[in-house]
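The values are calculated or read from the model by the stated rules, or taken from the named source; none is laboratory data. Note that this is a predicted model, so its numbers are computed, not measured. Every residue, glycine as well, gets a Cβ built from its backbone with ideal geometry; the counts of neighbours run over all protein chains shown.
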Amino acid sequence: MAYTASPPLDATTAATEWKPPDRGTVGIASFIVAETALFAIFVAAYLFYLGKSLNGPYPRDVLTVPVTATICLLSSSGTIVMAERALQRHQTGPFRLWWMLTTALAAIFLVMTGMEWWKLIRHDHLTVSTNCFGSTYYGLVGLHASHVIVGLFFLTLVLLVSFRGFPITTQERRIKLLSWYWHFVDAVWVVVFTVVYVIGR
Amino acid sequence: MASVSHHLDVPESQPESSLSGNMYRWVSTVDHKRLGLLYAMAALLFFVIGGTQATLMRMQLAVPNNHLISPAMYNRLFTMHGTTMVFLVGMPLLAGFANYLVPLMIGARDMAFPRLNAFGFWVFLFGGLLLYYSYIGGGALYGSGSAPDVGWFANAPLTENAFSRGTSTDYWSLGILVSGLGSVASAINVIATVFSMRCPGMTLARMPIFVWLMLVDSWMILIALPPLSAAQIMLTLDRHVGARFFDTQAGGSALLWQHFFWIFGHPEVYILIFPAFGTVSEVIPVFSRKPIFGRQAVVAAAVAIGFISTSVWAHHMFAVGLSSVTNTFFAASTLLIAIPTGIKVFNWIATMYGGKLRFEVPMLFCCAFLFQFVVAGLTGVMLGVAPFNFQLHDSYFVVGHFHFTLVGGFIFGMFAGIYYWFPKATGRMLGQQAGRWHFWLFCIGFNLTFLPMHVMGFLGMPRRIYTYAPGRGWEVWNMMASIGVAFQIVGLLFFFYNVIRSLRSGPLAGDDPWDAWTLEWSTTSPPPEYNFETIPVVRSSRPLWDLKHPNDPDWRYG
Ligand code: HEM
């Protein structure tokens, strides 16, 4: 047929003002929606089983509010923004500094979660199979911690390549996507914190 | 701007037509068209497997007191059949159509993330194979090698260690978890493609309805599949590290599993029907020679269904004994969702009304779709009325209802799509004559199988029974249902014969055999790897109409 070469269907509507959104941004936003749905179910399970455990230990007996860890994680959202700003100004030095700080804060959070779990398991004898509280607690907090681990992996990766001399300033877009993920992990912690340590106690 | 995306990197040294070269090209491809075809081929393969399981079940049920199949094997058959058809036929067929068509329809050269796309396919296939490996590796109470037998919704606490020994249930939960990952990946990809890769002038308002529906569909996948994954993670924790989520003996809740499963499960059935809606919305206008009636209404209704579908799940749980307030809410939302669905049906009929109808094979499938989907919708509304549901819950009425949506709606819609787009994908037409045989045999067989099931339900026959005693008036209906399967099988044989013959010697299709209006028909059949030589620019929702009728283009009226 005639239009094998698929000519421009209308040359007068020039492509001048056609600027669809960046695919990475749409992609990560969609990913975050899916992740939110995943967390929502774990949160729902936690709330559903509040006070339904048949045997102890119960939340109010064993949980202590993780103040330091929370401060670390939440402030890492701020430091990653600072890192991004430095990147926009093409300042590799400050970028590395802020990024290192972010990575360190994430690592501290993870270590403190580990210590909390250590205490719960060793001292309070609360494991995932002790009761419904144990299952839902380790399920929800563990799901979040696993997201922190993934985040930490990518944070470290960026840190390594930037110190190995990779021109990190070319990766502004990808860094932005990573920081969206990181903000999401932080925001989830706000929810987890509220549900587990405020409402749940 | 739609950017030139990554292309298939085939080493130049690969000989053009050697078998290994060809295999290599298919296995390593990141081209959306090849991946789309891979999805469709995998889905057809699993369709044959799931169909074989269905045939075995119908053979067993044809006469009362039959001993062809043991009760334990029957349990595995319906579990594997339901799981296969939903997750390994429905989801990949949907992903295949979306992958193949969305970029072509919006004038893009590939999906937004071609490699993620390939990842999605292979992960899905691995999940499917993992599920089927259970036939070999799934140890169960009675010796080794057994498939899951807990039903496609795997109700707790049946799935807990106490009742489901061995590993077969783990194959169910991990196989579907893994293949669900692929579905989410491809949904993310479709959304990013639709938003970011449209050609100049392709505003959301001008986008083909199929693309719109796949966009809403992907949205539903994003919010519906992760809950299933979450529940499956919990179930796996229960089974392997002794968690208590659904362990009723330790304070866990069986009800919670049902909520979680159906929070996924009900949107899922809309997820499955949407590609059929989309296909029908493309095919009916072309074969009626009229633009679709009430374009905005079709799209708005789809968005409405997308929203309401997230709040109807507990209509699968009326018989559980939820509070009457809960039942009332979910009955109301279920009846509510019938409204946008009904709007669509009126749109399709109004499109045909006064049109110059051409009853080619794709159109035949669409007509049957219309009739059967309305029947399915009506029985659905009946089941949505909670007191009626109490009577017929878990009966063959339900089996008849959902097969009318899934086979009569989804499968018929997809066959319309296959006959319609096969020429585009392969460059060759499917045979008319064989297509008509396929249609009539499949249609008659389908109705013969599933219409009687409604009666069986009224006569009190429960679902998931492996045999029944004579003398309850069920015999004749069961026999009819089983005979219908034979018709369907012969119809499908015509289909496969048709496909193979056309691939080898079918008449050449040309670029635009149906005189259609959407962008995929503006390029060659099959399209080149880069889809479009120059990125098209569009000014209306029927760009090819504009091209063919320069004196009377659509955009003059819009
Ligand atoms: C085309 C021919 C088909 C036939 C003859 C057929 C037949 C059957 C039969 C006999 C059962 C078992 C009923 C029972 O004992 O409770 C069944 C269950 C089921 N079928 Fe089909 N089926 C067909 C296609 C499909 C398709 C295309 C889908 C989905 C896309 C599907 C989804 C299901 C589901 C979800 C179940 C429920 C399984 C369960 O109870 O766990 N079927 N089908």
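Do the conditions hold for B:T523, that is, is it within 11 Å of chain A (Cβ to nearest Cβ), of a type outside the set (D, E, K, R) and without any contact (Cβ under 8 Å) to a residue 24 or more places away in the chain? No, not satisfied.
Residue by residue, here is whether (1) at pLDDT below 90; (2) out of contact with any Leu (no Cβ under 8 Å at 6 or more places or on another chain) holds:
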{"residue": "A:W18", "(1), (2)": "yes, yes"}
{"residue": "A:R23", "(1), (2)": "no, yes"}
{"residue": "A:F39", "(1), (2)": "no, no"}
{"residue": "A:V43", "(1), (2)": "no, no"}
{"residue": "A:G51", "(1), (2)": "yes, yes"}
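A quick yes/no check of all residues on (1) in a loop (DSSP other than H, G, I, E, B); (2) more than 14 Å from every other protein chain (Cβ to nearest Cβ); (3) within 16 Å of the ligand (Cβ to nearest atom); (4) on the phi < 0 side of the Ramachandran plot:
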{"position": "B:Y468", "(1), (2), (3), (4)": "yes, yes, yes, yes"}
{"position": "B:M480", "(1), (2), (3), (4)": "no, yes, yes, yes"}
{"position": "B:G484", "(1), (2), (3), (4)": "no, yes, yes, yes"}
{"position": "B:A516", "(1), (2), (3), (4)": "yes, no, no, yes"}
{"position": "B:F532", "(1), (2), (3), (4)": "yes, no, no, yes"}
{"position": "B:S540", "(1), (2), (3), (4)": "yes, no, no, yes"}
{"position": "B:D552", "(1), (2), (3), (4)": "yes, yes, no, yes"}
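The set of residues in segment B:444-466 being away from the ligand (no atom under 14 Å from the Cβ) and part of a helix (DSSP H, G or I) consists of B:V455, B:F458. Is it the case that some residue within segment A:129-146 is closer than 20 Å to A:L178 by Cβ, surrounded by 23 or more Cβ atoms within 10 Å (Cβ to Cβ) and hydrophobic (A, V, I, L, M, F, W, C)? Looking through segment A:129-146, none of the residues is closer than 20 Å to A:L178 by Cβ, surrounded by 23 or more Cβ atoms within 10 Å (Cβ to Cβ) and hydrophobic (A, V, I, L, M, F, W, C). Taking the numbered list (1) among the hydroxyl-bearing types (S, T, Y); (2) away from the ligand (no atom under 16 Å from the Cβ); (3) surrounded by 24 or more Cβ atoms within 10 Å (Cβ to Cβ); (4) under 20 Å from A:V128 (Cα atoms) in turn, B:S186 passes all entries but (4). Exactly one residue out of B:L77, B:L104, B:L93 is within 11 Å of the ligand (Cβ to nearest atom), crowded, with 24+ Cβ neighbours inside 10 Å, touching a residue at least 24 places away in the same chain (Cβ under 8 Å) and of a type outside the set (K, R): that is B:L93.
Scanning segment A:26-43 for residues that are over 14 Å from the mean Cα position of the chain (by Cα) and more than 8 Å from chain B (Cβ to nearest Cβ) yields a count of 1.
Listed conditions (1) polar (S, T, N, Q); (2) more than 22 Å from the chain's Cα centre (by Cα); (3) surrounded by 24 or more Cβ atoms within 10 Å (Cβ to Cβ) are all met by B:S288, apart from (3).
Summed over segment A:44-58, residues that are assigned to a helix (DSSP H, G or I) and either basic (K, R) or surrounded by fewer than 20 Cβ atoms within 10 Å (Cβ to Cβ) (or both) total 3. Assess whether B:Y497 counts as being within 11 Å of the ligand (Cβ to nearest atom) and either out of contact with any helix residue (DSSP H, G or I) (no Cβ under 7 Å at 6 or more places or on another chain) or away from every other protein chain (no Cβ under 14 Å) (or both). Considered against the rule, which asks whether it is within 11 Å of the ligand (Cβ to nearest atom) and either out of contact with any helix residue (DSSP H, G or I) (no Cβ under 7 Å at 6 or more places or on another chain) or away from every other protein chain (no Cβ under 14 Å) (or both), B:Y497 comes out as no.
If you check B:G400, B:G431, B:G427 for being within 14 Å of the ligand (Cβ to nearest atom) and not β-branched (V, I, T), only one passes: B:G400. Which residue is surrounded by the fewest Cβ atoms within 10 Å (Cβ to Cβ), if the candidates are limited to segment B:62-74 and must be more than 9 Å from the ligand (Cβ to nearest atom) and assigned to a helix (DSSP H, G or I)? Restricting to residues being more than 9 Å from the ligand (Cβ to nearest atom) and assigned to a helix (DSSP H, G or I), the top hit is B:P71. Is there any pair linking a residue in segment B:389-404 that is over 20 Å from B:I273 (Cα atoms) to one that is within 9 Å of the ligand (Cβ to nearest atom), with Cβ under 7 Å and at least six apart or on different chains, and which? Close Cβ pairs satisfying both conditions: B:L392/B:V398; B:D394/B:P462; B:D394/B:R463; B:S395/B:P462; B:S395/B:R463; B:Y396/B:M453; B:Y396/B:R463. Looking for something surrounded by 17 or more Cβ atoms within 10 Å (Cβ to Cβ), of a type in the set (A, V, I, L, M) and facing chain B (nearest Cβ under 8 Å) - is there at least one such residue anywhere in segment A:101-124? There is no residue in segment A:101-124 that is surrounded by 17 or more Cβ atoms within 10 Å (Cβ to Cβ), of a type in the set (A, V, I, L, M) and facing chain B (nearest Cβ under 8 Å).
Scanning segment B:214-265 for residues that are within 7 Å of chain A (Cβ to nearest Cβ) and not small (G, A, S) yields B:L222, B:I223, B:P226, B:P227, B:M234, B:L237, B:V241, B:R244, B:F245, B:L256, B:F260. Residues in segment A:101-143 that are touching a helix residue (DSSP H, G or I) at 6+ places or on another chain (Cβ under 6 Å) and closer than 27 Å to A:S162 by Cβ: A:L101, A:T102, A:T103, A:L105, A:A106, A:I108, A:F109, A:L110, A:M112, A:T113.
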